[in-house]
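Report on one structure; see the data block that follows.
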Amino acid sequence: MSKKIFLTGAAGLIGRNLTAKLVANGYEIVCFDLGEQLVRQKTFFKPMQDTGRVRVIPGTILDKVAMTTAMAGSDAVFHLAAMLGVKRTEDHLLRCLDININGTDNMLDSCVRNRVERVIFASSSEVYGEPSENPIKETAETKGKTVYAVSKLAGEELIKGYSQVYPWLKNTIVRFFNTYGEGQVAQFVMTKWIRLVLAGKNPVVYGSGDQLRSYGHVDDVTDGLVAVLESEKTHGGTYNIGNSSQIYSLRDLAQKIIDVLAPDSGLEVEILDGFAGSDRIENREIFTRYCDTSRVERVLGYSPKISVEEGIRRIAAQDEIHADWPFDP
């Protein structure tokens with residue numbers, strides 16, 4: 001079993017939670033992320049650094065030399081680093097492509113140079129676009145609508161290409177479905193609405209509000225990632241990771257947040273029929289997309305447990321919800 005793990009994007013929502021679980025499971029971790037991200041999360045990382053089991057190294061995946069040096073001696077890599085956020089990626093198309101494609105290529109080249117034989121790539125449900133059928137299986141056609149989706153599909157193909165040239169490089173692709181949880185910035189819908197409701201403001205829904213999604217709490221998602229790492233059955237595979245039982249329309253999700261956090265406040269869901277002022281335009285909106293996780297359940301026994309209601313309470317209980325990332329793209 002791999003014992004020294006290199007994490008790109010380690011200071012993000014999934015990276016932090018995964019680091020904590022890997023440490024608890026006896027691994028040594030090298031956390032690689034932008035300095036601004038690491039500074040914001042220094043209180044989180046400090047206790048684990050004090051154990052001597054976690055090293056925190058600031059850097060960018062666009063710097064191949066720095067990443068190759070930091071990765072030395074690692075047994076496996078989780079590649080979580082990416083440019084996120086619909087508006088950010090659409091406003092900075094070339095930057096998104098550079099980070100998410102060239103950064104992934106750099107990561108894979110670093111793996112080859114360090115003879116790292118295991119890489120797990122974080123992809124996204126965005127690669128499915130607007131699917132023809134739901135729930136979505138991994139065999140569904142990929143037809144992403146956004147530059148972010150295109151960049152993730154390119155990353156998947158890079159992974160496959162490198163493994164073809166270097167057969168010893170074992171890979172697994174995981175596609176996340178609407179991961180949320182404590183510490184997520186309020187640029188994502190769940191945390192954004194929780195922040196508004198806690199401030200006594202109505203959550204605003206763009207479009208009809210009937211758009212359907214499945215929501216997976218980061219605690220469950222990272223359980224799945226640890227299981228992927230520890231199983232040889234996942235080599236060469238692609239897996240949906242989310243929560244197929246927690247499916248909500250945007251309208252119902254916003255109402256659930258009010259019901260859980262402020263049931264007697266008089267707050268109500270504001271439905272805007274159009275997309276003016278939102279981070280999406282209508283021809284790039286996804287109207288129905290939720291996951292089928294039967295493959296990862298069958299292969300690994302993956303069984304998410306955290307309901308959306310419990311997840312809402314956990315996010316609301318934290319000391320602070322950051323409005324945005326600590327840096328510009």
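The values are calculated or read from the model by the stated rules, or taken from the named source; none is laboratory data. All of these numbers come straight from a predicted model, not from anything done at the bench. No Cβ is skipped: glycine too gets one built from the backbone with ideal geometry, and neighbour counts run over all protein chains shown.
Note on the range 84-113: among residues that are buried (at least 17 other Cβ atoms within 10 Å of the Cβ) and at pLDDT below 95, the one that is nearest to W168 (Cα to Cα) is L84.
Of all residues in the range 296-321, exactly one satisfies the criterion of being loosely packed, with under 15 Cβ neighbours inside 10 Å and among the hydrophobic types (A, V, I, L, M, F, W, C), namely A317. Does F275 satisfy the criteria of being modelled with pLDDT under 95, under 29 Å from K143 (Cβ atoms), touching an Asp or Glu at 6+ places or on another chain (Cβ under 6 Å) and not assigned by TED's automatic domain parsing to the domain that holds V174? Spelling it out, F275 is indeed modelled with pLDDT under 95, under 29 Å from K143 (Cβ atoms), touching an Asp or Glu at 6+ places or on another chain (Cβ under 6 Å) and not assigned by TED's automatic domain parsing to the domain that holds V174.
For Y148, the conditions (1) at pLDDT 95 or above; (2) not in a loop (DSSP other than H, G, I, E, B) are fulfilled apart from (1).
Pairs linking a residue in the range 104-118 that is touching a residue at least 24 places away in the same chain (Cβ under 8 Å) and closer than 12 Å to A81 by Cβ to a residue that is of a type in the set (A, V, I, L, M, F, W, C) and surrounded by fewer than 21 Cβ atoms within 10 Å (Cβ to Cβ), with Cβ atoms under 8 Å and 6 or more positions apart or on different chains, are T104/A154; T104/L158; N106/L62. Quickly run through the range 167-207 and pick out the residues that are outside any loop (DSSP other than H, G, I, E, B), surrounded by fewer than 23 Cβ atoms within 10 Å (Cβ to Cβ) and of a type in the set (D, E, K, R). Scanning the range 167-207 gives K170, K192, R195.
Screening K160 with (1) surrounded by fewer than 24 Cβ atoms within 10 Å (Cβ to Cβ); (2) within 20 Å of I321 (Cβ to Cβ); (3) at pLDDT 95 or above gives one miss only, at (2).
Every listed requirement among (1) closer than 30 Å to Y162 by Cβ; (2) among the hydroxyl-bearing types (S, T, Y); (3) crowded, with 20+ Cβ neighbours inside 10 Å is met by S231 save one, (3).
Residue check: G155 meets all listed conditions (1) modelled with pLDDT of 95 or more; (2) under 28 Å from S307 (Cβ atoms) but one, namely (2).
Just one of (1) of a type in the set (A, V, I, L, M, F, W, C); (2) without any contact (Cβ under 8 Å) to a residue 24 or more places away in the chain; (3) surrounded by 14 or more Cβ atoms within 10 Å (Cβ to Cβ) fails for A70. It is (2).
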